[in-house]
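What follows is a single structure, written as structure tokens, with notes after it.
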Amino acid sequence: MKNEEIKTLLSKMTLEEKIGQLTQIRTSYYYNSNTSATGTISKLKFTKEQKWMIGTVLGKLDAKMMFEIQKEYLDNNRLGIPLLFMHDIIHGFKTIFPIPLALSCSWDEELIEKTARVAAREGSSSGYQATFSPMVDIVRDPRWGRVIESFGEDTLLNSIFGVAMVRGYQNGDLKDPDTLISCVKHFAAYGAAEGGRDYNTVDISECRLRNEYFPPYYEAIKAGAKSIMSSFNVLNGIPATANTWLLRKILREEWGYEGVVISDWGAVKELIPHGTAENSIDAAKLSLKAGIDIEMATTAYFEALPELCKDKSMEKLLDDAVERILLLKNECGLFEDPYRGISYEKEKQTLLCSDFRKVAREAASKSAVLLKNSDVLPLERSKNVILIGPYASNSSILGPWSLDGDLNDVITIEQGLINKNIRLEGVETTCFNEISKEKSEEIIEKAKRADVIVLALGEEEEKSGEAGCVSNITLPEAQIKLLRCMKKLNKPLIVLLINGRPLDLTNVIEEADAVLECWFPGTEGGNAIADILYGDYNPSGKLTMSFPRGVGQIPVYYNNLATGRPKELLKNEKRYKSQYLDVPNEPLFPFGYGLGYSKFKYDNLNISKKELSKKERISCSINVTNIGKYTGIETVQLYMRDKVADISRPVKQLIKYKQIIINPNETKTVEFTIDEKDLRYWNGENQYKSDEGLFEFTLGKDSSEGISFEVRLIS
Ligand code: GLC
């Protein structure tokens with residue numbers, strides 16, 4: 001349908017039909033129309049007739065169900081406006097990839113795009129047209145369960161990887177049936193919930209929003225994301241879902257966004273417990289005025305808009321929202337083919353095909369981060385290994401938001417080792433939180449017969465994801481006890497971590513000879529972990545979220561401000577400086593950190609000029625030599641510091657990075673260009689600018705070290 005015809009279609013719609021387009025309910029209400037009139041549908045205020053006016057649905061589906069629902073729906077929809085099917089396809093659909101926080105540790109934009117491309121092919125083959133992804137909320141508090149869905153603490157990485165996901169899902173043309181409409185979320189700053197407690201209050205200066213939290217959403221919509229989701233949280237006093245400054249002034253007027261805005265689950269009616277709406281009528285009015293086009297999972301719009309839209313200005317807002325939703329359906333060709341060419345055959349051939357498993361294995365290998373290695377890895381195949389722990393043969397390694405993943409498809413760590421044909425002395429799967437004395441003694445006896453002990457430890461999946469927030473980020477005591485027990489046997493002791501957040505690893509690091517952060521690695525996790533343990537993949541992951549020494553350090557992140565009393569500056573001052581008396585300020589593992597089997601040496605820094613005028617660019621380069629025995633990937637990071645600005649600026653800010661593959665004894669020169677645009681920021685008067693003056697740049701392998709140089713920006 002031509003976009004001009006959308007207005008004609010809109011003019012034919014009744015008020016009720018328009019309101020229906022703004023409402024999103026579960027697909028389950030359509031599986032069997034006879035039963036769906038009972039149960040939870042009764043809590044939703046709409047009639048059986050109105051059910052055939054609903055605009056979009058979310059939830060469980062396959063190709064056959066989609067065909068049946070869409071057919072019955074179109075048989076009952078007066079104007080033949082098709083349903084649009086949405087879903088949470090967050091890190092894969094049937095082929096599950098590592099959680100996004102893990103994927104971000106690959107620092108591999110192309111790979112991340114590839115995972116979204118695979119997810120779109122699989123999800124669309126099962127009848128979906130849209131996914132509530134990417135999530136690009138900046139996260140600095142590992143107590144929050146949803147750090148798993150983010151790309152970490154850095155603004156640049158969340159921007160780059162969010163855009164890569166949008167490209168992968170939408171593939172440049174939504175008329176292509178193998179694509180998904182992307183929905184960037186959660187707008188805005190959901191990851192800054194106080195105390196790391198989900199749904200909690202967010203209060204952030206506009207300066208910090210603009211410099212640190214907004215850019216990933218902005219870049220994703222500039223990359224073409226056709227929908228955006230409002231977040232549950234209050235933002236500076238007003239819930240995001242009713243925040244006109246956020247949804248109209250910033251998103252529409254300043255950023256020029258023309259796509260659809262969808263509320264998060266129930267967020268419209270949550271305006272009532274937020275205390276900003278007295279009832280559903282209020283909630284509907286505030287949401288529509290603020291700019292919510294689609295109300296997810298509740299029916300305040302159906303309840304309130306027939307009356308509210310007697311006011312012409314409200315009806316205009318309604319018409320604008322309906323038009324955006326119809327345009328979205330038109331974007332993905334639903335008016336031409338409401339089924340987008342799905343078929344059971346196509347679905348069967350697409351889901352979990354061998355090529356997609358290969359992508360999952362590559363992603364899990366590149367997402368793992370080697371935190372410690374006292375020369376015990378890679379393992380020799382001749383050594384006799386015992387595998388112990390709650391994740392030894394546990395297939396629950398997909399992580400939260402893997403709704404369509406199947407545990408039966410998972411390669412466990414045990415299976416991964418078996419596939420390597422190594423000498424596996426034994427496998428002991430233990431409980432997460434307690435190991436009986438008998439079991440412990442039995443394990444010790446078996447472990448005595450092995451040459452190498454591999455512990456597969458971690459968090460239970462439900463301790464992560466939405467509402468999976470914790471006040472304690474250490475491993476369960478039983479796992480630490482097991483670790484200490486094994487340590488006493490004086491054998492090489494390797495710890496594999498399956499978890500969804502930065503943990504306090506203070507105890508683990510002391511006891512283990514090697515620690516590999518595997519995250520929730522997805523369907524091919526076991527194969528990828530075995531690849532790394534035996535050197536078939538040289539670990540290259542770099543942390544994108546700092547690992548605190550303890551929960552007392554939170555929030556701890558690399559791009560903090562200096563303060564007026566920076567510890568580094570006041571070395572002779574014992575007390576009166578910004579510090580803790582009981583722990584260092586630095587995290588246990590910093591942003592950008594990760595080891596490998598190679599050793600990389602940085603030297604021979606070169607800068608084209610020490611002065612940069614606003615109209616030109618300078619270049620800097622560094623030599624990186626692999627002085628190790630293994631070919632490896634190195635991620636060279638370029639950080640910047642604005643020494644004097646209108647506002648206090650971070651002590652370090654990642655502005656560029658490059659990944660290179662270097663063979664043993666090979667040297668590569670890595671070059672970056674810098675221009676004035678790289679130095680801009682938002683000041684307190686909402687001006688986006690750069691300052692003439694001194695800038696410090698650092699080239700290094702992580703945010704805690706590197707080779708620095710200064711450049712002066714001149715007019
Ligand atoms: C959830 C999440 C959101 C998800 C939506 C639909 O509560 O906050 O990320 O996309 O509801 O499931």
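Cross-link reach is defined here as a Cα-Cα straight distance under 22 Å, omitting same-chain residues fewer than 8 places apart; for residue 312 the lysines meeting it are 7, 12, 18, 249, 285, 289.
Contact order normalised by length for the range 542-668, with contacts defined as Cα pairs under 8 Å and 6 or more residues apart; what percent is it? The normalised contact order for the range 542-668 reaches 26 percent.
Applying a DSSP loop filter and a limit of 15 other Cβ atoms within 10 Å to the trypsin sites (Lys or Arg not before Pro) in the range 595-694 leaves 599, 609, 610, 614, 615, 629, 643, 680.
Rg and Dmax of the range 211-286, based on Cα coordinates, read 12.8, 38 Å. Rounded, prolate or oblate, given the Cα gyration tensor of the range 1-123, with a/c below 1.5 counting as rounded? Note, shape of the range 1-123 comes out prolate.
Estimated at the nearest 10 Å², the accessible area of residue 309 is 10 Å² with a 1.4 Å probe.
Write out the GluC sites (Glu not before Pro) in the range 519-578 meeting two conditions: DSSP loop, and at most 14 other Cβ atoms within 10 Å of their Cβ. When the GluC sites (Glu not before Pro) of the range 519-578 are filtered for loop state and at most 14 Cβ neighbours within 10 Å, 568, 573 remain. Backbone phi angles across the range 549-560, fed through the Karplus curve with coefficients 6.51, -1.76 and 1.60 (θ = phi - 60°), yield HN-Hα couplings of 6, x, 5, x, 8, 6, x, 10, 8, 6, 9, 7 Hz in residue order; Gly and Pro are listed as x.
The orientation-averaged projection of the convex hull spanning the C-alpha atoms of the range 266-336 amounts to 5.1 square nanometres. Once the 1.4 Å probe is applied to the protein heavy atoms, the chain comes out at 38 Å² accessible per residue.
Coordinate range of the alpha-carbon atoms in the range 3-346 per principal axis, descending: 50, 49, 40 Å. With all pairs of different C-alpha atoms in the average, the Kirkwood value for the hydrodynamic radius of the range 500-610 is 17.2 Å.
Ranked by solvent-accessible area (1.4 Å probe, protein heavy atoms only, all chains present), the residues 694, 569, 407 order from largest to smallest as 569, 407, 694. Under 12 Å from the Cβ of residue 284, count the other residues' Cβ atoms, weight Lys and Arg +1, Asp and Glu -1, and hand me the total. Computed value for this residue: -1.
Counting only DSSP H runs of at least 4 residues, each contributing -39500 (n - 2.57), and dividing by the residue count of the chain, the helix-based mean residue ellipticity at 222 nm comes to -8000 deg cm²/dmol. Using the Stokes-Einstein relation with a Kirkwood hydrodynamic radius computed over Cα pairs, the translational diffusion coefficient of the range 373-533 at 37 °C and a viscosity of 0.692 mPa s comes to 208 µm²/s. Just so you know, the Rg over Rh for the range 598-714 is 1.03, from Cα atoms, with Rh as the Kirkwood radius. 3J(HN,Hα) couplings calculated from phi for the range 117-134 with the Karplus curve 6.51 cos²θ - 1.76 cosθ + 1.60 (θ = phi - 60°) are, in sequence order, 5, 5, 4, 5, 5, 6, x, 5, 5, 9, x, 8, 10, 8, 10, 7, 6, x Hz; Gly and Pro show x. Sorted from longest to shortest, the spans of the Cα atoms of the range 523-586 along the three principal axes equal 51, 21, 20 Å. Calculate what fraction, in whole %, of the accessible area of the range 373-533 sits on carbon and sulfur atoms when a 1.4 Å probe is rolled over the protein chains. Carbon and sulfur atoms account for 45 percent of the accessible area of the range 373-533. Within the accessible surface of the range 193-336, defined with a 1.4 Å probe on protein heavy atoms only, the carbon and sulfur portion equals 49 percent. Between residue 663 and residue 282, the FRET efficiency estimated from the beta carbon spacing at R0 = 51 angstrom works out to 0.20.
Taking the accessible area of the range 598-714, probe 1.4 Å, and keeping the other protein chains in place, the carbon and sulfur fraction comes to 44%.
Note on the chain: Rg/Rh from C-alpha atoms, Kirkwood Rh, equals 0.99. In the range 64-130, one over the average inverse separation of all distinct C-alpha pairs is 13.6 Å, which is the Kirkwood hydrodynamic radius.
Relative to the longest principal axis of the Cα atoms of the chain, the long axis of helix 437-448 lies at roughly 60 degrees. Dividing the mean sequence gap of close Cα pairs (under 8 Å, 6+ apart) by how many residues the chain holds gives a relative contact order of 13 percent. Principal-axis analysis of the Cα atoms of the chain puts helix 312-331 at an angle of about 60° to the longest axis. Any chance you could give the angle, 0 to 90 degrees and rounded to 10, that helix 354-367 forms with the longest Cα principal axis of the chain? The helix 354-367 is inclined about 60 degrees to the chain. Over the range 348-391, the hull volume per residue, using the convex hull of the C-alpha atoms, is 156 Å³. When 625, 201 are compared by accessible area of protein heavy atoms, the largest-first order is 201, 625, using a 1.4 Å probe.
The values are calculated or read from the model by the stated rules, or taken from the named source; none is laboratory data. Predicted model only: the values in this text are computed from it and were never measured. Glycine gets a Cβ as well: all are built from the backbone with ideal geometry, and neighbour counts include every protein chain shown. Areas reflect the complete protein model, heavy atoms only, side chains present, ligands, DNA and RNA absent. Shrake-Rupley method; radii C 1.70, N 1.55, O 1.52, S 1.80 Å.
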